[in-house]
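To keep things clear, I will list the structure first and then write my remarks on it.
The values are calculated or read from the model by the stated rules, or taken from the named source; none is laboratory data. Values in this document were obtained by computation on a predicted structure and should not be read as measured data. Heads up, the Cβs are rebuilt from the backbone with ideal geometry, glycines too, and the neighbour counts pull from every protein chain shown.
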């Protein structure tokens, strides 16, 4: 009888230890799963915040074209296109040297990079290459060219239309070109250049 009782108690003890082991294993699994979930949630939160900030920057950190004019050469063609730009409302500082400009003209399409104009004899020398647009200050209160750091800053973006035309002459009367200016934040500004039907007797025209 005593032997049978001891055997029953031993069986119960084994069952209890087994249950405890299973319980501990379940707790460990739950803890590991909780850790994975917390890490995943933190990662997703960080990614969502980063994505939100980048999306906001792509919308707000853009430039605004205030005005545009074309320089009329002796052959009645527009050889340079000049855009006056400023910071968009609510945007951060914009470095135009880090921006890219896509030009889609009647004869060619190309991407230009920013290059500061050089100062010689108190004047800014505009001498862009075929893959560059020039940046020169019109109003730069903080002397930060090529960075648009103040809302009142106005910079001139000069596009060499004659270098982007197959015949090396520039835009003819009535021709159009599309400009896509992308800042370092990925924000895009679109502008359509349209040469008037008649530019004769004029040195510059609104485009």
Inset, instruction - Tell me which residues, restricted to segment 154-167, are surrounded by fewer than 22 Cβ atoms within 10 Å (Cβ to Cβ) and assigned to a loop (DSSP other than H, G, I, E, B). - result: 165, 166, 167
Inset, instruction - Mind counting the residues in segment 86-109 that are more than 16 Å from the chain's Cα centre (by Cα) and in contact (Cβ under 8 Å) with a residue 12 or more places away in the chain? - result: 6
Legend entry - Residue tally, condition closer than 15 Å to residue 155 by Cβ and in contact with a helix residue (DSSP H, G or I) (Cβ under 6 Å, 6 or more places away or on another chain), over segment 81-130: 3
Inset, instruction - Evaluate segment 55-63: report whether one residue or more is more than 26 Å from residue 176 (Cα to Cα), at pLDDT 75 or above and surrounded by 15 or more Cβ atoms within 10 Å (Cβ to Cβ). - result: yes
Inset, instruction - Mind listing whichever residues of segment 66-80 are farther than 14 Å from residue 199 by Cα and either surrounded by 14 or more Cβ atoms within 10 Å (Cβ to Cβ) or not assigned by TED's automatic domain parsing to the domain that holds residue 193 (or both)? - result: 68
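Every residue, every condition in (1) in contact (Cβ under 8 Å) with a residue 40 or more places away in the chain; (2) surrounded by 18 or more Cβ atoms within 10 Å (Cβ to Cβ); (3) assigned to a strand (DSSP E or B), yes or no:
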{"site": "169", "(1), (2), (3)": "yes, no, no"}
{"site": "179", "(1), (2), (3)": "yes, yes, yes"}
{"site": "186", "(1), (2), (3)": "yes, no, no"}
{"site": "189", "(1), (2), (3)": "yes, yes, yes"}
{"site": "196", "(1), (2), (3)": "no, no, no"}
Inset, instruction - Scan the strands (runs of 3 or more DSSP E) fully inside segment 96-145 and keep the ones with 3 or more residues being over 18 Å from residue 171 (Cα atoms). - result: 109-116, 118-120, 123-125, 132-139
Inset, instruction - List the number of the failed condition for residue 165; all other conditions in (1) in contact (Cβ under 8 Å) with a residue 60 or more places away in the chain; (2) under 20 Å from residue 105 (Cβ atoms); (3) touching a strand residue (DSSP E or B) at 6+ places or on another chain (Cβ under 6 Å) hold. - result: (3)
Inset, instruction - Output yes when any residue across segment 108-128 is at pLDDT below 95, within 19 Å of residue 161 (Cβ to Cβ) and out of contact with any strand residue (DSSP E or B) (no Cβ under 9 Å at 6 or more places or on another chain), and no when none is. - result: yes
Legend entry - Of all residues making up segment 198-207, the number that are in a loop (DSSP other than H, G, I, E, B) and either within 19 Å of residue 84 (Cβ to Cβ) or touching a helix residue (DSSP H, G or I) at 6+ places or on another chain (Cβ under 9 Å) (or both): 3
